[in-house]
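Chemist: Please read through the structure below; I'll follow up with questions.
The values are calculated or read from the model by the stated rules, or taken from the named source; none is laboratory data. Remember, predicted model here, so these are calculated numbers, not experimental data. Neighbour counts run over all protein chains shown; Cβ positions are idealised from the backbone, glycine included. Surface areas here come from the heavy atoms of the whole protein model, side chains and all, with no ligands, DNA or RNA. Shrake-Rupley method; radii C 1.70, N 1.55, O 1.52, S 1.80 Å.
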Amino acid sequence: MNLKDQLNFASKLTPKRVVNAVKILGSYGLSKLTKSPKISGLPMAIGFEPTTSCNLRCPECPSGLRSFTRPTGMLQKELYENTIDQLKESLLYLTFYFQGEPYLHKNFLEMVRYAADRKIYTATSTNAHYLTPEMAEKTVKSGIDRMIISIDGTTQETYEQYRVGGQLSKALEGTKNLIEAKKRLNSKTPHTIFQFLVVKPNEHQIEDVYRLAEEYGVDEVRLKTAQIYEYENGNELIPSIDKYSRYRNNGDGTFSIKNKLLNHCWKMWHSCVITWDGTLVPCCFDKDSEHPMGSLQIKTFKEIWHSKPYQNFRKALIKSRSEVEICKNCSEGALV
């Protein structure tokens, strides 16, 4: 976060949210110390999936590949609002993405406004193809705090190698429309980020994306390493620049994940993801909802968060994270 974004985030703090955060941090620390899951409080951050639909076909994305085994669809506004009402006093950070393109949901910006009105920090990630001048203005007026725009190439030839079916010109036009709307409305938000997923086809354009961000007036550039599903015997997407790869070249034609997979994970205590149909899954690596913790159509959030299945999952992770399938290709989550 830059200073303006940090101050905006800090403005969302309330005594109840701070107390909740202390409870979560305390229970996480105690769980690590005792090797037994303790959970106190509610998550500080959640991700909501507006839709599984997407206009692009990115090769390492279930939405792009149309490869889900779980049901696909659109988040119901009532289910979303009911969940926010349950969490509004403790929740600090809300992301509107998991799988899919958020702007394909007709009520997306209304949902943003619902959270913004409750002083929750809101963020989304988009390919920016739908940010027309009118939609850009509505986006700024929705009160969204952070906008991540996926820019995985600075030329069409490179961009389309990963963003299959996409047009870089549309993404840049959408960015321009958003920045202009911010200026026109004299708004400090959303904080705009160019996210550059570093893969072998685009690694030569890393410096170019910084120049592009400056040209368009984007606040920040973030370089992100790519999760590759089939990496063991190499993959054409694995970067040759080692610092941008999640995988170690073993020198014999095989690759292994760099992360040590320590037997704890901060994500299991401070956050979770809610799919479009109200299913709670433990984190963003569970893209196909292989570990459903419960349904918000049946139970309250608190009941699921403190439930035996959730505690059993946390226990399995503390015992041996490397044996939990969705953790095997994970590069994040462990807070030392």
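Chemist: Going through the range 192-240 one residue at a time, which ones are open to solvent by less than 20 Å² (accessible area, probe 1.4 Å), closer than 11 Å to Ile149 by Cβ and not β-branched (Val, Ile, Thr)?
Modeler: Correct list: Phe194, Phe196, Ala213.
Chemist: Moving on to the next point. Is it true that Ser322 is polar (S, T, N, Q), out of contact with any helix residue (DSSP H, G or I) (no Cβ under 6 Å at 6 or more places or on another chain) and not in a loop (DSSP other than H, G, I, E, B)?
Modeler: Criteria met by Ser322.
Chemist: List pairs: first in the range 103-116 and free of Cβ contacts under 8 Å to residues at least 40 places away in the same chain and closer than 19 Å to Gln86 by Cα, second open to solvent by 30 Å² or more (accessible area, probe 1.4 Å) and assigned to a helix (DSSP H, G or I), Cβ under 9 Å, 6+ apart or cross-chain?
Modeler: Sorted first by the residue in the range 103-116, then by its partner, the pairs are Glu110/Lys77; Arg113/Lys141; Tyr114/Lys77; Tyr114/Glu81.
Chemist: Test Ala10 against the criterion of being over 14 Å from His264 (Cα atoms), open to solvent by less than 20 Å² (accessible area, probe 1.4 Å) and either within 22 Å of the chain's Cα centre (by Cα) or not polar (S, T, N, Q) (or both), and give yes or no.
Modeler: Answer is no for this residue.
Chemist: Which ones in the range 107-133 are open to solvent by 10 Å² or more (accessible area, probe 1.4 Å), over 12 Å from Lys182 (Cα atoms) and either in a loop (DSSP other than H, G, I, E, B) or out of contact with any Phe, Trp or Tyr (no Cβ under 9 Å at 6 or more places or on another chain) (or both)?
Modeler: Within the range 107-133, Asn107, Glu110, Arg113, Ala116, Asp117, Arg118, Lys119, His129, Tyr130, Thr132 meet the criteria.
Chemist: On to the next question. Need pairs with beta-carbon distance below 8 Å; first residue farther than 18 Å from Cys284 by Cβ and within the range 304-330, second among the hydroxyl-bearing types (Ser, Thr, Tyr) and modelled with pLDDT of 80 or more; sequence gap 6+ or separate chains.
Modeler: That search, which allows pairs on different chains as well, returns Lys315/Ser36; Ile318/Ser31; Ile318/Ser36.
Chemist: Looking only at helices (runs of 4 or more DSSP H) that fall completely inside the range 1-106, which ones have 2 or more residues that are acidic (Asp, Glu)?
Modeler: 77-87
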